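Taking it in order: structure first as C-alpha cells, then the write-up.
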Amino acid sequence: MKTKYLIKILIFFTLYVSFYSNVFGKINASIIVKVGNEIVTNSDLENEIKTILILSNKNINQKNIDGVKDIAIKSLIRNLIKRNEIKKRKIEKYSEIELNTYLTQISSRLKTDRAGLKKIFLNNNLNYNSFLEKNKTELLWKTLIYLKYKNQIDINTIEVENEIKKRVKNKNINRE
C-alpha cells in the first residue's frame, strides 16, 4: 500500500516539475530583422559577429563586438535577400572547387587545416554548417549573376593579353 502511494507521489511530482519547468522556461531568441518570409534572430546575429571576429583574428570583447555589429546585421540581411532570389530562380549549382579553395584559404590564414577550422567553430560555440551555407549562398549568387549577365559579357582576348604583358613588364621593372 505504501509503495503504491509513494509511486503515485513520485509520478505526480515528476509531472508537476516537468510541466512547470516547460511553462516558465525563458525564451532567449528574439527576432531582429524580417526579410520576406525569413527572419534573423539575436542568436543568428551573435553567431555572425563571433564568426567575423574569429575569422579576422580579433578578440571577442565588447569594443570589437560593437565595431562589427552593423556589418554583421547587413551581412545577414544581404544573405537572406540572396537566398530568396536563389530560391525564386531555382539555382542549385555552385562551384564546390571554389568553396573548398575558400575554406582552405581561411584555414591557412588561421594556421590550421579544415578539421582544425571545424574545431575552432566548435570550441567557440559557432555553427559551422551555417558558415558553410552562407558561403554556398554566395557561390549560388555568383552563379545567378553570371547566368543573368553572361550574354552581355564580351571578352576581347587581344586586350587581355596586352594587359597581362603590361603587368608582367611592370613587375619586372619593380623587381629591378
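The values are calculated or read from the model by the stated rules, or taken from the named source; none is laboratory data. This one's a predicted model, so the numbers in the text were calculated from it and none came from an experiment. Here the Cβ positions follow ideal geometry from the backbone for every residue, glycine too, while neighbour counts run over all protein chains shown. For the accessible areas, the whole protein counts, side chains as well, though only heavy atoms, and no ligand, DNA or RNA atoms are used. Shrake-Rupley method; radii C 1.70, N 1.55, O 1.52, S 1.80 Å.
Results, tabulated for the structure shown:
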read-out	value
Nearest-10 value in Å² for the accessible area of residue 163, using the 1.4 Å probe	80
Whole-number percent relative contact order across region 44-150, with pairs defined as alpha carbons under 8 Å at least 6 apart	31
Kirkwood-type radius of region 94-133, with distances r between different C-alpha atoms, in Å	10.4
Accessible area, probe 1.4 Å, largest first, for residues 111, 88	111, 88
Solvent exposure ordering (accessible area, 1.4 Å, most first) of 112, 51, 157	157, 112, 51
Region 38-93-region 102-176 distance, computed between alpha-carbon centres (Å)	18
Cβ-placed point charges (K, R +1; D, E -1), dipole of region 62-108 about Cα centre in debye, nearest 20	340
5 angstrom amide H check on residue 32, placed H, neighbours 5+ away	40, 41, 42
Under 5 Å, built H, 5+ apart or other chain: amide partners of residue 95	none
Over region 44-147 - Rg/Rh using Cα atoms and the Kirkwood inverse-distance radius	0.99
